[in-house]
Amino acid sequence: MKDEIIKDMLDSYYFGEKVKLKKEDLKTTYELSLKTGHGTMTCYDIFEGISLIYNDFHAFDCEEFLCEKKVSNTLIEINHCNKGRFECELEPGMLNYLGEGDLVASFAYHQKQISSFTLGYYEGLELLIDIPKAEKSISNFLNEEIKFNYLYELIKENNGIAIFRSNKEIDHVISELYNVDERIKMSYFKLKCVELLLFLKITNLERNKSISKNGFSLKHVNTIKMIKDELTENLNKDLTLNELSKKYNISKTTIKTCFKAIYGKPLFKWRKEYRLQHAEELLKNTDFKIAEIANKVGYKNSSKFTAAFKDYSGFTPSEYRTLKKY
């Protein structure tokens, strides 16, 4: 990796025996061995002072790779979530979540004390920008002077990190970066990088205003995760919001809003899908009768289970078992 400041930034996160590096002409790949799974970061130097990184994690956290070194205060990170959800602590005791399509801009030295993927997977991309070098290289590329003071001020106004929730404009700018023909990859990266930086310059900041302050307390998040564990461990039981609220001493409104933020879906929609996903596994990997599987995932009526399963998977349970078993 030719940009030493950005290399120092990456090395401050990813180091040690649990990381394998593979260097090629156009990219450097970091393969991370994590306690709960694994992750891959594929890094491209697209301009002097700008690196594009593709993140692909199959794990629930990467806490062992939190930043331990102080990095340059001229570095900015722009992250986009394509799949999964990302949890981070933006200020002590307050957590926030990036979902699919969300974009976040932050100072690279902003300390993220907690870093996890609540769905067990995460795919996204990241731009690492060294402001002085990037201004010069982009200005040369466009043949006009470009300054990133607007981006710096936006992040500063939001206490070091600004979140923009998914919208059509962000999707238009970024979505094509996830499927680029190898024959045009580097040239295309340059064009899309410039497009994104110009987009952030002219976007309606009030309409897309960061909501990073609207996070959730660590206490509430931990309670919701206990509720989620109870829901997954007792699939055959019908648990109501009233019961959960009383048992865990948390309001029904907080359960609903916090659960959706963490796991990306309303509680009971998430639970229904989880039940049916578990039913898929039982149909593939066991010889339980369909009525038994229905009961194990909370359906007392086999016909209702069959209807729900077909609506979810496109197959009846019998059809699915025939197609997928073993």
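Converting phi to 3J(HN,Hα) with the Karplus coefficients 6.51, -1.76 and 1.60 and the offset θ = phi - 60°, segment 178-195 yields 8, 8, 10, 4, 4, 5, 10, 3, 5, 5, 5, 4, 4, 5, 5, 4, 5, 4 Hz in sequence order, with x at every glycine or proline. Seen from E123, the other residues with C-beta closer than 10 Å to its C-beta sum to a net charge of -1, counting Lys and Arg as +1 and Asp and Glu as -1. Using a cut-off of 31 Å between Cα atoms, the listed pairs K252/K289; K228/K310; K247/K300; K35/K304; K256/K310; K27/K83 include K252/K289; K35/K304 as exceeding that distance. The phi-based Karplus calculation (6.51 cos²θ - 1.76 cosθ + 1.60; θ = phi - 60°) puts the 3J(HN,Hα) values of segment 161-169 at 7, 10, 10, 10, 6, 3, 8, 5, 5 Hz, whole numbers, x for Gly and Pro. Each residue of segment 269-286 was assigned a 3J(HN,Hα) from its phi angle through the Karplus curve 6.51 cos²θ - 1.76 cosθ + 1.60 (θ = phi - 60°); the sequence is 5, 4, 5, 4, 5, 5, 4, 6, 5, 5, 4, 4, 5, 5, 5, 6, 10, 9 Hz, with glycine and proline shown as x.
Where a number appears in this text, it was derived from the coordinates with a stated rule and is not lab data. Just so we're clear, the structure is a prediction, and the values are computed from it rather than from any experiment. Note that each Cβ is placed from the backbone with ideal geometry, even for glycine, and that neighbours are counted across all protein chains shown.
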